[in-house]
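Undergrad: What follows is a structure written as structure tokens; I'll ask about it next.
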């Protein structure tokens, strides 16, 4: 048996993460919701759902509509950026965890850096080699590529190639992937970061049997 394949590693640790943000800016948008879903093998072990307090939070009208923004709930639950970051970073920078998410390479890595910058911290992208961006893996699968590089550095280069691939008929949205993989799509709770994490992990548990990774 190819015991290096992740589908056979029942003790593999995963961090599934997602953020809801002020806008879609890659340079200035700050997250107001940060979620970390801690998993082992096929199972969810723990969920962290933090709202982040920014005194000058400025959410675009479009983001408010998409995320069903509730100001009262936000003000009630929000904690300091430093406390929320502490809850995330102990998993984000732990080499035992592979980091799973959707569109991480083209969005979330920049949001996390903006968060660090707002707290006065230096940029630190050292976690990137451990990322498995399911949108890139699904795009590769659609192109007939089923052998994903094992080496972390090679795998990131491979994923960036597909992260930026745009072709007619090549679809990788969360909703499309749910339909294609036979996973119920929770439209009412879409763009709630915690619900998105759960759907993402279901997608990953399907994809790891469809490609060799």
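All of the numbers you see were taken from the coordinates with simple rules; none came from a lab. Here the structure is a predicted model, which is why all the values come from computation and not from measurement. Cβ atoms come from the backbone with ideal geometry, glycine included; neighbour counts cover every protein chain shown.
Undergrad: Whole Å is fine, so just give me how far the alpha carbon centre of region 120-147 lies from that of region 1-26.
TA: Their Cα centres are 9 Å away from one another.
Undergrad: So how far apart, in nm, are the two label points at residue 142 and residue 9 if each is 7 Å from Cα heading toward Cβ?
TA: A separation of 2.7 nm, rounded to one decimal place.
Undergrad: 222 nm [θ] for the chain, helices only, -39500 (n - 2.57) per DSSP H run of 4+, per residue, to 500?
TA: Numbers: 8 runs with 80 residues, N = 213.
-11000 deg cm²/dmol, from helical runs alone.
Undergrad: Here's something else I'd like to know. What percent do you get for the relative contact order of region 138-213 when only Cα pairs under 8 Å and 6+ apart count? All intermediate terms of the calculation are to be shown ahead of the outcome.
TA: Numbers: 44 pairs, mean separation 33.8, N = 76.
So the answer I get is 44 percent.
Undergrad: State, as an integer percentage, the relative contact order of the chain based on alpha-carbon contacts under 8 Å between residues 6 or more apart. The partial results should precede the final answer.
TA: Numbers: 322 pairs, mean separation 52.5, N = 213.
Taking the mean separation of contacting Cα pairs over the length of the chain, I get 25 percent.
Undergrad: Could you work out how far apart the two model spin labels at residue 106 and residue 24 are, taking each label as a point 7 Å from the Cα in the direction of the beta carbon, and quote it in nm?
TA: 1.0 nm
Undergrad: A further question follows. Treating the angle as unsigned and between 0 and 90°, give the value, to the nearest 10°, between the Cα long axis of helix 81-92 and the longest Cα principal axis of the chain.
TA: 10 degrees
Undergrad: Express in % the proportion of alpha carbon pairs of region 1-66 at distances exceeding 18 Å. Don't jump to the answer; show the numbers that get you there.
TA: Numbers: 1137 of 2145 pairs.
Summing the P(r) tail past 18 Å for region 1-66 gives 53 percent.
Undergrad: Mind checking the angle between helix 193-207 and the chain's longest principal axis? C-alpha axes, 0 to 90 degrees, to the nearest 10.
TA: Taking Cα atoms only, the helix is inclined about 0 degrees.
Undergrad: What is the distance, in nm, between label points placed 7 Å from the Cα along the Cα-to-Cβ direction at residue 47 and at residue 187?
TA: Here the modelled spin labels are 2.2 nm apart.
Undergrad: Rounded to the nearest 0.05, what FRET efficiency do residue 152 and residue 210 have when you use their Cβ-Cβ distance and R0 = 25 Å? Intermediate results must be reported in sequence, preceding the final value.
TA: Details: r = 21 Å, r/R0 = 0.83.
Here the calculated transfer efficiency is 0.75.
Undergrad: Oh, and also: Set the Förster distance to 30 Å, then compute FRET efficiency between residue 171 and residue 80 from the Cβ-Cβ distance, nearest 0.05.
TA: 0.15
Undergrad: Going by the alpha-carbon gyration tensor, a ≥ b ≥ c the square roots of its eigenvalues, is region 100-213 rounded (a/c under 1.5) or, if a/c is not under 1.5, prolate (a/b greater than b/c) versus oblate? Working shown, then result.
TA: Working: a/c = 1.93, a/b = 1.22, b/c = 1.58.
Oblate, since a/c reaches 1.5 and b/c is not below a/b.
Undergrad: Separate question: Can you give the three extents of the C-alpha atoms in region 6-207 along their principal axes, from longest to shortest, in whole Å?
TA: That works out to 47, 33, 31 Å along the principal axes.
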